[in-house]
Amino acid sequence: MVRILDKAAVQPRRRFNLATSFIIRRSPARSRLATIRLRIPAVNAQPNRVELVATVGVRGVTGIAQILFKIFRDGVQIFNTIQGIESAGSEQNYAVTFQAIDRNVRSGNHVYTVTAENLTANTRADVVGPISFSGLAVRTRT
C-alpha cells in the first residue's frame, strides 16, 4: 500500500521551438533545466520514495555530443545519465526521458533540480523543448 505525501510538476517549455533554443553548456558548467519543490511530512512518512521523471527536447547541432543529465536534491547530486545526441546527416531532434527514484528522504522541504551538460569537446547540442519535470513522494510499505 502506498500513500501520496506530495507531488509537484513544472513544464518550463511546452513545445519544440528553435527560436527559443539555448546551448547546453560545456562540462563542468551545466545548464539548469527545471526545479520542483516537495515536502515530506514529519509524521508517518517513512519509509518513502520520491519518483522523479524528466523529459527534455534536445537538438544536435555539430558532431555527436554526449549530454550528461543530472538530478540534484538540495544541491547534492542523486542521479545521472548520459545520452548521445547526433547532428546533421542523421537524427537531430530528440525527446530524452529518464526516471529516478530517491528512497527514504528525510522529512522537510526539498528542492529537486534537473540539469544538462555537454561532455564532448567541439560539439554542440541545444535544448529546443519541451521540458517537463515532475516528482511524486509516496509513503511505502516495508
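The table for this structure:
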| read-out | value |
| --- | --- |
| Residue count, segment 101-119 (criterion: surrounded by fewer than 17 Cβ atoms within 10 Å (Cβ to Cβ) and either of a type outside the set (A, V, I, L, M) or farther than 30 Å from SER27 by Cβ (or both)) | 6 |
| Residues within segment 36-77 that are in a strand (DSSP E or B), aliphatic (A, V, I, L, M) and over 16 Å from LEU136 (Cα atoms), tallied | 7 |
| Every pair of residues 6+ apart whose Cβ atoms lie under 9 Å, when the first sits in segment 111-139 and is on the phi > 0 side of the Ramachandran plot and modelled with pLDDT of 95 or more while the second is assigned to a strand (DSSP E or B) and surrounded by fewer than 18 Cβ atoms within 10 Å (Cβ to Cβ) | ASN122/THR62; GLY129/PRO12 |
| Among (1) surrounded by fewer than 18 Cβ atoms within 10 Å (Cβ to Cβ); (2) outside any loop (DSSP other than H, G, I, E, B) - the single one ALA29 does not satisfy | (2) |
| Among the residues listed as LEU18, LEU38, the single one being surrounded by 11 or more Cβ atoms within 10 Å (Cβ to Cβ) and not β-branched (Val, Ile, Thr) | LEU38 |
| Enumeration of residues in segment 85-125 that are under 14 Å from LEU5 (Cβ atoms), part of a loop (DSSP other than H, G, I, E, B) and among the polar types (S, T, N, Q) | ASN104, SER107 |
| Close pairs from segment 27-47: first within 21 Å of GLY129 (Cβ to Cβ), partner part of a loop (DSSP other than H, G, I, E, B), Cβ under 8 Å, at least 6 apart | SER31/ILE24; SER31/ARG25 |
| Test set (1) under 24 Å from LEU5 (Cβ atoms); (2) surrounded by 19 or more Cβ atoms within 10 Å (Cβ to Cβ); (3) modelled with pLDDT of 95 or more; (4) in contact with a Ser or Thr (Cβ under 8 Å, 6 or more places away or on another chain) - ARG73 fails condition number | (4) |
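The values are calculated or read from the model by the stated rules, or taken from the named source; none is laboratory data. The structure displayed is predicted, hence computed values, not measured ones. No Cβ is skipped: glycine too gets one built from the backbone with ideal geometry, and neighbour counts run over all protein chains shown.
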